[in-house]
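Trainee: My questions all concern the structure below.
What follows is calculated from the coordinates using simple rules that are stated; it is not laboratory data. None of these values were measured; they are calculated from a predicted model. Backbone-built Cβ (ideal geometry, glycine too); neighbour counts: all protein chains shown.
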Amino acid sequence: MDFQLSEDQRALRTGVRELLAGRFPTERLRAAVAAYEAAGDGPVLDRGLWRELAGAGFFSLLLPEAAGGTGLGPQEAVLVMEEAGRALLPGPLVAGVLLAGAVDGAATGERIAGLCDATAAPVLWDHPADCDEVIVVGADAAHRYAAGELRTAAVRSVDPLTPLARLLDGPSGAPYAVDVGRLRRDAALLTAAQQLGGAVRALEAAVAYARQREQFGAPIGSFQAVKHLCAEMLVRVEVARSAVYAASVTGDPVEVAGAKLLADEAATGNARDCLQVHGGTGFTWEADVHLALKRAWLRAAAWQTVADGTETLAEALTDGHIVL
Amino acid sequence: MDLTYTAEEESFRARLRAWLSEVLPKLPPKPAAADWPGRRAYDTAWQRMLYDAGYAGLHWPADAGGRGATPTQHLIFLEETERAGAPYVGANFVGLLHAGPTVAAEGTAEQRARWLPPILRGEEIWCQGFSEPAAGSDLAALRTKAVRDGDFYVVSGSKLWTSHAEVADWCELLVRTNPGAPRHRGISWLAMPMDAPGITVRPLRTLAGSTEFAEVFLDEVRVPVANRVGAENDGWRVTMVTLSFERGTAFVGEVVACHRVLAALARTARGNGRWDDAVLRRRLGRLAAEFAALWRLTQWNVSAAQAGGGVPGVGGSVFKLRYSHARQELYDAAAEVLGAGALDADHEWVADRLSSLSYTIAAGTSQIQRNIVAERILGLPKGR
C-alpha cells in the first residue's frame with residue numbers, strides 16, 4: 001500500500017497549478033465576471049483559453065495514447081480537476097474530459113462539449129451558449145444534440161460564470177451509446193474533485209485574510225473563534241481529499257458517492273466559513289468569496305444531490321457493501 | 001496512489017489471521033468490567049501470547065526488543081486483531097504506546113534493559129501521571145514537585161485521570177524539579193514504582209458509572225534519581241518526543257469497529273422499522289461515507305509515515321478532531337435506532353454512547369486540537 005501521490009502525480013499537480021496561475025489568475029477571473037455581466041446572456045468562455053487548456057492536455061487526459069490522448073487515468077484526472085476547482089476555472093470541464101473521445105474537436109478544444117443530467121428537476125444545462133454539442137444523460141440512456149437543437153428557457157444563474165438554461169421537452173436526439181452508470185459515476189467523481197479544489201481555495205483565502213486583517217490590535221487569526229473556523233476548514237479538506245483520491249483509485253461507485261457527499265460538504269462549508277472570516281467584506285460583490293460559494297452550490301446540485309448520495313450509501317450499508 | 005497491499009504485506013496478514021484463528025478460541029472468558037485484577041490478568045496474558053508468537057512491540061524499533069514493523073504492517077495488525085475480535089491492548093496501553101517508546105527513545109542502556117522487556121512480555125503494567133487538578137489542557141502548569149534528597153527525589157502532589165492506577169506496577173510521572181525555571185524547562189520525567197510508600201489511589205467514577213481512571217495522591221514518595229529518564233528539567237521534551245511518534249495508527253481498530261457497529265445499526269433499523277424514516281436512514285448513509293473516509297485518511301497518514309519515517313503529530317490532530325466527533329454522531333444515531341431502548345443503560349450501544357462523550361476531551365480536547373491545527377499547520381499566529 002502506498003496511498004500518496006507519486007512523483008509524476010506531484011509534478012502534474014504543480015504543473016497544472018502553475019499553468020492556471022499564469023493563464024487564469026484572479027484578475028482574469030474578475031474580468032470574466034465583469035465581461036459576462038456587461039454582455040448579458042451569451043457565451044462566457046474564452047475559446048482561446050479553452051484551446052490552450054486542451055493543448056496542455058486538459059481534455060485528452062483519459063484518452064488512450066493511440067487516440068491522441070495522454071493515456072493517464074482517473075487519478076490524474078482528479079488532480080487536474082482539483083486544480084481547476086481551486087482556480088474557479090469556469091466551463092463544462094467534466095464534459096470536456098469525459099466526452100473528449102465522443103465529440104469531434106472536444107479533445108483539441110476546437111469545439112466545446114456539454115453534458116446535462118436529465119434526471120434532475122428542473123433539468124439545467126450549463127453554458128448553453130458556449131456548447132457546440134451536448135449529451136443529455138437520462139436514467140439509463142443518453143442522447144446527443146447539436147447546439148440549437150434543444151428547446152430551452154432562460155434561467156438567471158446564481159453563479160455569474162456558469163450560465164444556465166432550463167431544458168424543455170423537445171425532439172429526442174440521436175442515441176449516444178454509453179455505459180450510463182459509469183458516465184454518471186465519473187461525472188460525480190470529477191465534480192467532487194473540483195469541489196475539493198474549491199474547498200482548498202476557500203481555506204487558503206480565509207487563512208490569508210485572517211493573518212492580515214487586524215482588529216483589537218491583533219490579526220484576527222490569533223483569536224480562537226476565528227482560528228477554530230479555519231482549523232475545521234482544513235479538517236474538511238483533508239477528509240474530502242482522502243475520500244476523493246481513494247475513489248479515483250478504486251472506482252467503486254459507493255465510494256464515489258461518499259466522496260462526492262464529503263467534497264460537497266467541504267466546498268460549501270468552507271466557502272461559508274471563508275465568507276464569515278471575511279466579515280462584511282465577504283458579503284460584497286468585489287470580494288471573490290461569493291464566487292466560490294456559488295460555484296460550490298452549483299456543483300453540489302450536479303450529478304449527485306445530498307439526498308441521492310446518502311440514500312445510495314444507506315442502501316449499500318444494508319447490502320453489506322462496505323468500503324473497508 | 002496504490003491501495004493494494006504488497007505480497008509481503010498480504011503474507012504478513014495471512015500469517016496473522018491463521019494465528020488469530022488458532023489462538024482466539026482458547027482465550028478464557030473476558031472478566032467483568034469492574035474486576036480490575038481480572039482485567040489485568042487477562043490483558044497481560046494476551047500480551048504474553050503476542051510476545052510468544054512474535055507480535056509484541058510490533059511497532060517498536062528492533063534495538064528496543066520490538067519487531068521494527070512498518071507502519072503498514074502495524075495497520076494490518078490492528079485491523080486484523082479488531083476484525084477477529086482479539087483483546088484490546090487494555091492495561092498494556094501506557095507501557096506499549098507511551099512509557100515504553102519514551103524509554104526506548106530517551107533511556108539509558110540500563111533503563112531500557114530494566115523496563116522494556118517486562119512491558120513486551122506482559123509482566124509489568126504502566127500508568128500515566130501527567131494531568132493534575134490544575135493542569136489539564138495546560139499540562140505545563142503541573143505543580144507536583146520533586147525535591148532532590150541524595151540519590152532520591154521526594155515527590156509530593158496529585159495526579160488525575162490515571163487509567164489502570166490500581167493495577168499498575170509503574171507510573172510515568174511528570175514532576176516539577178525546578179520551580180524557578182520557565183514552565184516547560186523545570187519538568188522531569190520519572191518512573192515511579194506504584195508500590196512505593198506515600199501513594200494513595202482513589203478511583204474516580206465516570207459518568208458511565210464505571211471506574212476507568214483514578215486520582216493519585218503523592219505524599220513524600222521517594223523515587224530513585226536513577227529512575228529519571230533524560231536530563232533533569234528536560235522532561236517536557238522527553239515526553240513530547242514520543243507523542244510526536246504518532247504514525248497514524250492510533251484509532252485503526254476503533255474505525256474498523258465503528259464500521260461494524262454502523263452495519264449493525266442499519267440491520268437493526270431494518271428490523272424494527274425505523275429504516276423507513278428517511279432522516280435517520282440518510283443520517284446512517286452519511287456516517288457510512290464518514291467512516292469510509294476516515295479509513296482512507298488512516299491509510300493516507302500511514303502511507304505518509306511509511307514514506308517519511310514519521311507522521312508529524314499534527315496529522316493525528318486532524319484525524320482525531322473528525323473521528324471523535326464522528327464517533328459521537330454514530331452513537332447518537334444508535335440511540336435514534338434504539339428508540340426508548342436507548343434508555344437501557346445495560347445495552348452495549350448505550351454504554352458506548354456514554355463513553356463516546358470522552359472522545360472530544362481525552363488526549364487533548366477538540367479545542368486544543370484546533371489550536372494545534374491552526375497554529376502548526378495553517379501558521380496562524382498564537383493568541384488567546
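Trainee: Taking a threshold of 27 Å on the Cα-Cα distance, which of the pairs A:Lys260/B:Lys382; A:Lys260/B:Lys320; A:Lys227/A:Lys294 fall above it?
Mentor: From A:Lys260/B:Lys382; A:Lys260/B:Lys320; A:Lys227/A:Lys294, over 27 Å: A:Lys260/B:Lys382.
Trainee: With just the Cα atoms defining each centre, how far is segment B:228-295 from segment A:66-132? Give it in Å.
Mentor: Each part's Cα centre sits 37 Å from the other's.
Trainee: For every helix of n ≥ 4 consecutive DSSP H residues, a contribution of -39,500 (n - 2.57) applies; sum these over chain B, divide by its total residues, and give [θ] at 222 nm rounded to the nearest 500 deg cm²/dmol.
Mentor: Values: 11 runs with 170 residues, N = 384.
Value at 222 nm, helices only, nearest 500: -14500 deg cm²/dmol.
Trainee: Then there is this: Please report the net charge: other residues with Cβ closer than 13 Å to the Cβ of A:Gly105, K and R +1, D and E -1.
Mentor: Charge balance in the 13 Å sphere: -1.
Trainee: When the Cα centres of segment A:206-273 and segment B:345-384 are compared, how far apart do they sit, in Å?
Mentor: The two parts, judged by their Cα centres, are 18 Å apart.
Trainee: Can you give me the long-range amide H partners of B:Tyr153? Hydrogens built in the peptide plane at 1.01 Å from N, cutoff under 5 Å, separation of 5 or more residues or another chain.
Mentor: For B:Tyr153, whose amide H was placed from the backbone, the distant partners under 5 Å are B:Val223, B:Val225.
Trainee: Let me ask something else about it. Using Cα springs under 10 Å in a Gaussian network model of chain A, which residue among A:Ala231, A:Ala107, A:Ala38 shows the largest mean-square fluctuation?
Mentor: Among A:Ala231, A:Ala107, A:Ala38, the largest GNM mean-square fluctuation belongs to A:Ala38.
Trainee: Hey, another quick one. Cross-link partners among lysines for B:Lys159, C-alpha distance below 22 Å, same-chain residues fewer than 8 apart left out?
Mentor: Reachable lysines: B:Lys145.
Trainee: Moving on. Taking the Cα atoms of segment B:127-286, report the difference between the largest and smallest coordinate on each principal axis, in whole Å and largest first.
Mentor: 72, 30, 24
Trainee: Still on this structure, I have one more. Could you work out which residue, out of A:Leu190, A:Leu234, A:Leu115, moves most in a Gaussian network model of chain A, that is, has the largest mean-square fluctuation with Cα springs under 10 Å?
Mentor: Its mean-square fluctuation being the largest, the pick is A:Leu234.
Trainee: Taking Rh as the Kirkwood radius, which is the inverse of the mean 1/r over Cα pairs, what is the Rg/Rh value for segment A:93-226?
Mentor: Taking Rg over the Kirkwood Rh, I get 1.16.
Trainee: A follow-up question, please. Using a Förster distance of 25 Å, how high is the FRET efficiency between A:Glu311 and B:Gln328, based on the Cβ-Cβ distance and rounded to 0.05?
Mentor: For R0 = 25 Å, the calculated efficiency reads 0.60.
Trainee: Okay, next question. Which loop trypsin sites (Lys or Arg not before Pro) in segment B:115-222, with loop taken from DSSP, have no more than 11 other Cβ atoms within 10 angstrom of their Cβ?
Mentor: Of the trypsin sites (Lys or Arg not before Pro), the ones in loops of segment B:115-222 whose Cβ has at most 11 other Cβ atoms within 10 Å are B:Arg205.
Trainee: Further question on the same structure: Given Cα positions, please report Rg to Rh for segment B:7-88, the hydrodynamic radius being the Kirkwood one.
Mentor: With Rg and the Kirkwood Rh in hand, the quotient comes to 0.99.
Trainee: Mind checking the angle between helix A:289-300 and chain A's longest principal axis? C-alpha axes, 0 to 90 degrees, to the nearest 10.
Mentor: 40
Trainee: Taking only Cα atoms and a 10 Å spring cutoff, compute GNM fluctuations for chain A and point out the largest among A:Asp126, A:Asp46, A:Asp159.
Mentor: Result: A:Asp46 has the largest fluctuation of those listed.
Trainee: Regarding segment B:1-159, what whole-number volume in Å³ per residue does the convex hull of its Cα atoms give? Working shown, then result.
Mentor: Numbers: hull volume 26.8 nm³, N = 159.
Considering the Cα atoms of segment B:1-159, their hull volume per residue is 168 Å³.
Trainee: What is chain A's relative contact order, in percent, from Cα pairs under 8 angstrom and six or more apart in sequence?
Mentor: 15
Trainee: Given the DSSP H assignment, sum -39500 (n - 2.57) over each helix run of at least 4 residues in chain A and divide by its residue total; what's the result at 222 nm in deg cm²/dmol, nearest 500?
Mentor: After summing the helix terms and dividing by residue count, I get -17500 deg cm²/dmol.
Trainee: Around A:Asp179, with a cut-off of 15 angstrom between Cβ atoms, what is the net charge of the other residues, counting Lys and Arg +1 and Asp and Glu -1?
Mentor: +1
Trainee: Follow-up. Mind checking Rg over Rh on the protein assembly as shown, alpha carbons, Kirkwood formula for Rh?
Mentor: My calculation of the ratio gives 1.02.
Trainee: Between beta-carbons, use under 14 Å as the cut-off and find the net charge around A:Thr281, counting Lys and Arg +1, Asp and Glu -1. Mind showing how you got there, number by number?
Mentor: On the way: positive: A:Arg213; negative: A:Glu214, A:Glu286, A:Asp288.
My count for the surroundings of A:Thr281 gives -2.
Trainee: Residue-wise, which Karplus ³J(HN,Hα) couplings in Hz belong to segment B:192-209, taking 6.51 cos²θ - 1.76 cosθ + 1.60, θ = phi - 60°, and x for glycine or proline?
Mentor: 9, x, 6, 9, 5, x, x, 9, 10, 10, 10, x, 10, 8, 7, 5, 7, x
Trainee: Shifting gears a bit: Using the Kirkwood radius over Cα pairs, work out the Stokes-Einstein diffusion coefficient for chain B at 10 °C and 1.306 mPa s, in µm²/s as a whole number.
Mentor: 71
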